[in-house]
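The values are calculated or read from the model by the stated rules, or taken from the named source; none is laboratory data. Because the structure is predicted, anything quoted here is derived from the model rather than measured. Cβ placement follows ideal geometry from the backbone for every residue including glycine, while neighbour counts extend to all protein chains displayed. Only protein heavy atoms, including side chains, enter the accessible area calculation; ligands, DNA and RNA are left aside. Shrake-Rupley method; radii C 1.70, N 1.55, O 1.52, S 1.80 Å.
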Number of protein chains: 2
Amino acid sequence: MKSLVLPGLDRPEGMTTHDYAFARLRQAIMVGAFRPGTSVTIRGLADALESSPTPVREALRQLTSIGALQFLENRRIVVPRITPARFEELISLRIALESHAARRAVAHLSDRQIDRIVTLDDAIEAAILAGQKAQALIANQQFHRQIYTANPDQVAMPLIESLWLQLGPILGIAMEHVTEFYVIDRHREAIEALRRRDEDAVAQAIAADIREGIGGFDQQAIGKLLALAG
Amino acid sequence: MKSLVLPGLDRPEGMTTHDYAFARLRQAIMVGAFRPGTSVTIRGLADALESSPTPVREALRQLTSIGALQFLENRRIVVPRITPARFEELISLRIALESHAARRAVAHLSDRQIDRIVTLDDAIEAAILAGQKAQALIANQQFHRQIYTANPDQVAMPLIESLWLQLGPILGIAMEHVTEFYVIDRHREAIEALRRRDEDAVAQAIAADIREGIGGFDQQAIGKLLALAG
DNA sequence: TTCCTAAGAATGTGATCACAAAAAGAACGG
DNA sequence: CCGTTCTTTTTGTGATCACATTCTTAGGAA
C-alpha cells in the first residue's frame with residue numbers, strides 16, 4: 001500500500017532502502033505532514049514505503065536522535081507535542097544558532113553564491129504568490145541553508161535542521177489555519193548585508209527574520225495554536 | 001567475545017538491547033575511547049556486546065545522526081576525522097550554545113541545585129588529583145549538564161551533547177599525550193555568578209571555561225595534536 | 001619488484017520469523 | 001450503564017539468513 005500522505009520524493013537509484021525511508025520521513029516531518037501527538041507504527045510505514053520493518057525502524061531511530069520523533073516508555077512511537085515554553089526555547093535556539101552560523105558564513109560567500117541566494121528568495125515569493133505553502137516553506141529552508149553552508153567547515157547545519165524538524169509539526173498546524181501570509185521580508189535586508197559583508201548586520205537580519213515570522217507565518221498565531229495543540 | 005575496550009556500563013534490567021548498545025557506544029565515544037579515523041563493524045560490535053547485528057546497526061545509525069559516527073560511501077563505518085578548522089567550529093559552537101543554555105538556566109536554579117553543582121565541581125577536582133582522566137572528563141560533563149538541564153523546557157542539551165560527541169575522539173588523543181592538567185578553574189567563577197543569579201556573568205564564565213580549557217585540557221596542545229591526527 | 005587479476009573472506013543490507021509486551025475488543029458481573 | 005477480566009490482535013524487539021558489494025590476499029605477468 002502506497003501512502004498518499006507522505007510527500008513524494010524521488011528515490012535515486014543506488015540509494016539504500018533505509019536512506020530513502022529516512023529522507024522521506026524526515027522531509028514529511030519537516031514540512032508539517034504529521035501533527036504533534038500523531039503515533040506511527042513501524043509496520044505501517046514499512047507498508048506505506050513498500051519495504052520491510054528493518055530499514056524503517058532504523059530510520060525512525062535516527063529521527064528520534066534528532067528530536068523529530070519520540071519512542072515512549074510503552075514502546076509507542078509518536079510525533080512529540082510542543083508546549084508554548086518549548087516552542088519559545090526552540091525559537092530562541094534557532095536565533096542563537098542561525099545568527100551564529102550566518103555570521104561565520106559571511107566571509108566564505110562569493111558574489112556568485114549571493115546571486116544564487118537571491119534566486120532562492122525569488123522562489124519563496126513565487127511560491128507564496130502561487131499559494132503553495134509547503135513549497136514556500138521548503139524554499140525558505142533552502143534560502144537559509146544556502147547561507148549557512150557556505151562555510152565549508154561548518155558543523156551547525158545538522159543542529160539547525162534538528163530544530164527545524166522539531167518545529168515542523170507545529171508549522172503543519174499553522175499552515176492549516178493561517179490563510180494570509182505575512183511577508184515581512186527580512187531576506188532582502190539579509191542579502192544587502194551579505195553584499196556588504198557586514199557580519200553583524202547579517203546576524204541581526206537573520207535573527208529578526210526568525211523572530212518576526214517563522215517561514216512566513218505569524219508567530220502570534222502559532223502561539224495561540226500551541227495553547228490548543230500542546 | 002566481550003570487549004575490553006568499551007567502558008563498562010551497567011545494563012539496567014528492562015533496558016532493550018538496542019538502548020544498551022547505544023548508551024554503551026555513545027559513552028565510549030564521548031570519553032575518547034575511539035580515535036578519529038577508527039573504523040568499526042556491525043558484526044564486531046555485536047560480538048563485543050554479545051548481541052546481534054540488528055540492534056547494533058540501529059545504535060550505529062543513531063550515532064551517525066548526531067555526528068558521532070559516519071557511514072562512508074563505501075559502506076564503511078568510521079569515527080570522523082577532525083581538521084583544525086572543524087575543531088575551531090565545534091568549539092565556537094560550544095561557546096554559543098552552552099553560554100546560551102547557561103543563561104536560560106539561571107532563573108530556574110534553586111540554591112539546593114547550586115549546592116549540588118558545587119559537589120560535582122569537587123568531584124572533578126578529586127578525579128584530577130587522583131589522576132583519573134576519563135573520570136574527570138565525565139564529571140566535567142556532569143557539571144555542565146547539571147547547569148543546563150535546570151531549565152525544564154530546555155531543548156539545547158541534545159545539541160550540546162552532539163558537540164561533545166564530535167569532540168570526544170580528539171579528547172581521547174589529548175588524554176594520551178597530555179600529562180599535566182591545566183586546572184584553570186572558571187567553574188568557581190561560574191558558581192559565584194550562579195549564586196548572584198547574574199546571567200551575563202554565568203554565560204561569560206562558561207564561555208571562558210570552554211575557550212581556555214576543554215574539560216581541563218589545554219587547547220593549544222589539542223591544536224597541535226590536530227595537525228598530526230587530522 | 002611492481003602492477004594487475006581472480007578467488008576467498010568480510011561486511012552492510014534487508015526480508016523474515018518467533019517472541020513478548022501492549023493495546024483493543026469481547027464477554028461477563030455488578 | 002459502568003467497570004472488570006479474558007481473549008484476540010497489534011506492535012516493537014531481536015536473531016537469523018540470503019544476497020550483493022567491498023575488501024583482502026594470493027598468484028602470475030611484465
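For segment B:48-75, give me each residue that is open to solvent by less than 60 Å² (accessible area, probe 1.4 Å) and over 20 Å from the mean Cα position of the chain (by Cα). Walk me through it before giving the result.
Here is the first cut: in segment B:48-75, the ones open to solvent by less than 60 Å² (accessible area, probe 1.4 Å) are B:48-49, B:51-56, B:58-69.
Matches in segment B:48-75: B:48, B:49, B:51, B:52, B:53, B:54, B:55, B:56, B:58.
Okay, residues lined up against (1) within 14 Å of another protein chain (Cβ to nearest Cβ); (2) surrounded by 16 or more Cβ atoms within 10 Å (Cβ to Cβ); (3) in contact with a strand residue (DSSP E or B) (Cβ under 9 Å, 6 or more places away or on another chain):
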{"residue": "A:109", "(1), (2), (3)": "no, yes, no"}
{"residue": "A:114", "(1), (2), (3)": "no, yes, no"}
{"residue": "A:122", "(1), (2), (3)": "no, no, no"}
{"residue": "A:136", "(1), (2), (3)": "no, yes, no"}
{"residue": "A:146", "(1), (2), (3)": "no, yes, no"}
{"residue": "A:151", "(1), (2), (3)": "yes, yes, no"}
{"residue": "A:160", "(1), (2), (3)": "yes, yes, no"}
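Is it the case that segment B:2-19 has a residue that's on the phi > 0 side of the Ramachandran plot, within 14 Å of another protein chain (Cβ to nearest Cβ), within 16 Å of DNA strand D (Cβ to nearest atom) and open to solvent by 30 Å² or more (accessible area, probe 1.4 Å)?
Among the residues of segment B:2-19, at least one is on the phi > 0 side of the Ramachandran plot, within 14 Å of another protein chain (Cβ to nearest Cβ), within 16 Å of DNA strand D (Cβ to nearest atom) and open to solvent by 30 Å² or more (accessible area, probe 1.4 Å), which makes the answer yes.
Can you pull out the residues in segment A:131-162 that are among the hydrophobic types (A, V, I, L, M, F, W, C) and either touching a Ser or Thr at 6+ places or on another chain (Cβ under 9 Å) or in a loop (DSSP other than H, G, I, E, B) (or both)? It would help to see each step written out before you state the result.
Here is the first cut: in segment A:131-162, the residues among the hydrophobic types (A, V, I, L, M, F, W, C) are A:134, A:136-139, A:143, A:147, A:150, A:155-157, A:159-160.
Matches in segment A:131-162: A:150, A:155, A:156, A:157, A:159.
Just to be sure I understand, how many residues within segment A:55-76 are touching a residue at least 24 places away in the same chain (Cβ under 8 Å) and farther than 26 Å from residue A:157 by Cβ? Break it down into steps so the answer makes sense when it comes.
Kept after step one, since they are touching a residue at least 24 places away in the same chain (Cβ under 8 Å), are these residues of segment A:55-76: A:55-56, A:58-60, A:62-63, A:66-69, A:76.
Now restrict to residues that are farther than 26 Å from residue A:157 by Cβ: A:76.
Residues flagged as touching a residue at least 24 places away in the same chain (Cβ under 8 Å) and farther than 26 Å from residue A:157 by Cβ within segment A:55-76 amount to 1.
Restricting the search to segment A:58-90, which residues are among the β-branched types (Val, Ile, Thr) and within 16 Å of DNA strand D (Cβ to nearest atom)?
Here is the first cut: in segment A:58-90, the ones among the β-branched types (Val, Ile, Thr) are A:64, A:66, A:77-79, A:82-83.
Hits for segment A:58-90 are A:64, A:77, A:78, A:79.
Checking residue A:33 against (1) open to solvent by 20 Å² or more (accessible area, probe 1.4 Å); (2) out of contact with any Gly (no Cβ under 7 Å at 6 or more places or on another chain), only one condition comes out false. Which one?
(2)
Against the definition (at pLDDT 65 or above and not in a helix (DSSP H, G or I)), how does residue A:197 come out, yes or no? Quick ask: steps written out before the conclusion?
Details: at pLDDT 65 or above: yes; not in a helix (DSSP H, G or I): yes.
When the stated conditions are applied, residue A:197 passes them.
I'd like the residue in segment A:36-47 that is within 9 Å of DNA strand D (Cβ to nearest atom) and open to solvent by less than 50 Å² (accessible area, probe 1.4 Å) and, out of all such residues, is nearest to the other protein chains (Cβ to nearest Cβ).
It comes out as A:42.
Does at least one position in segment B:76-85 carry a residue that is open to solvent by 30 Å² or more (accessible area, probe 1.4 Å) and within 12 Å of DNA strand C (Cβ to nearest atom)?
Residues of segment B:76-85 open to solvent by 30 Å² or more (accessible area, probe 1.4 Å): B:76, B:81, B:83-85.
Still in the list and also within 12 Å of DNA strand C (Cβ to nearest atom): B:76.
For segment B:76-85, residues open to solvent by 30 Å² or more (accessible area, probe 1.4 Å) and within 12 Å of DNA strand C (Cβ to nearest atom): present.
Report yes if residue A:82 is in contact (Cβ under 8 Å) with a residue 60 or more places away in the chain, under 21 Å from the mean Cα position of the chain (by Cα) and more than 14 Å from chain B (Cβ to nearest Cβ), otherwise no.
Working: in contact (Cβ under 8 Å) with a residue 60 or more places away in the chain: yes; under 21 Å from the mean Cα position of the chain (by Cα): yes; more than 14 Å from chain B (Cβ to nearest Cβ): no.
Here the answer is no, as residue A:82 does not meet what is asked.
So, residue A:95, is that one in contact (Cβ under 8 Å) with a residue 12 or more places away in the chain and under 30 Å from residue B:13 (Cβ atoms) or not?
Taking the combined requirement at face value, the residue does not satisfy it.
With respect to residue A:203, is the statement that it is more than 30 Å from residue B:70 (Cα to Cα) and either surrounded by fewer than 20 Cβ atoms within 10 Å (Cβ to Cβ) or modelled with pLDDT under 95 (or both) true?
Working: more than 30 Å from residue B:70 (Cα to Cα): yes; either surrounded by fewer than 20 Cβ atoms within 10 Å (Cβ to Cβ) or modelled with pLDDT under 95 (or both): no.
The answer is no for residue A:203.
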